[in-house]
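Working notes, beginning with the structure itself.
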Amino acid sequence: MSSAAAKKNRPKYLNLQALLFEIRLPLPARISILHRISGALLFVAMVWLLWMLDRSLTSEAAFEAIRRYAGLLPVKLALLVLIWAYCHHFCAGIRHLFLDLHKGVDLASARASSWAVFAASLALTAWLGAKLW
Amino acid sequence: MVSRVVTGARYGMRDWLVQRVTAVIMSVYTVIVLVVLLGGVPISYAVWKDLFTQGWMRVATLLFAASLAWHLWVGVRNILMDYVKPDGLRLTLQVMTLLTIAAYLGWTIQILWR
């Protein structure tokens, strides 16, 4: 396999540093890169979440231990970040499905639905976070 | 003559479709679990354990986990293909991703049927 061939005719700005720091991204692009970041975060965090699920189903004592553990402030904050990641990924994904069906592809509706994704995912995070606290 | 390069991708629409179908399956599961968990019953160990012992919940969670595994593979692989340019490193990371996903899935099955 050859790197030169793989690079041929590829888009120019598939470059993390450029995406995050050099280009001023329009709103739908922010939704898009956050979709990736939240997805990657959830992939990495899965091991932790599975560990908690595993422990919580082992015994009554382990369940209570996990409940106390989940009550610690740093753990709660980390869980809140993951809840946001899930909600954002969920809402951005639903927006994506509509785009696939050619709904809302013009600029004005793409911007409006991007705002809606931000608003909905933050509202869901706040709601679920309140349940967690 | 089509020149194809080992990027890790399939050429065609299968993965595109897989990503969407698995997403819909996981969305349905998410809504069901939220309704069950926020349905008013305080979650004690007995309630929690009983939930994951029920046949429908085990099967639904397995379907979620299988969908998630496939979804993760398509998604993480896309990220690796876009940002990791050296072929050897990309292949290594892709193999590690697959092994991690397989481990997640195996662990989930172990948790469900214990």
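Summary table below
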read-out	value
Residues A:L27 and A:W48, FRET efficiency given R0 of 25 Å [Cβ-Cβ distance, rounded to 0.05]	0.20
Packing-based exposure ordering (other Cβ within 10 Å, fewest first) of B:D82, A:D100, A:D106	A:D106, A:D100, B:D82
Using θ = phi - 60° and Karplus 6.51 cos²θ - 1.76 cosθ + 1.60, couplings along the stretch B:78-84 (whole Hz; Gly, Pro as x)	4, 4, 5, 5, 7, 10, 9
Helix-only [θ]222 nm of the protein assembly as shown, DSSP H runs n ≥ 4, -39500 (n - 2.57) each, per residue, nearest 500	-26500 deg cm²/dmol
Tilt relative to chain A, helix A:27-56 - C-alpha long axis, 0 to 90 degrees, to 10	30 degrees
Against the rule of thumb 2.2 N^0.38 Å, how large the Cα Rg of chain A comes out	1.35
Partner chain coverage, peptide A:41-52 - average Cβ within 10 angstrom	3
Inter-label distance for A:W133 and B:A46, nm, one decimal - labels placed 7 Å from Cα along Cα-to-Cβ	3.2 nm
For chain A, built as a Gaussian network whose Cα springs stay under 10 Å, the top-fluctuating residue of A:L77, A:L57, A:L49	A:L57
Where only C-alpha atoms are counted, convex hull volume of chain B per residue in Å³	123 Å³
Under 28 Å between alpha carbons - lysine pairs in the protein assembly as shown that sit 8 or more apart or on different chains	7
Cα-centre dipole for chain A with unit charges at Cβ (Lys and Arg positive, Asp and Glu negative), debye to 20	460 debye
Cα-Cα pairs of the protein assembly as shown separated by more than 30 Å (percent)	33 percent
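Since every read-out is calculated from the coordinates, none of them should be taken as a lab result. Note that the coordinates shown come from a computational prediction; the quantities given were computed from them, not determined experimentally. When we count neighbours, we look across all protein chains shown, and the Cβ atoms used for this are built from the backbone with ideal geometry, even at glycine.
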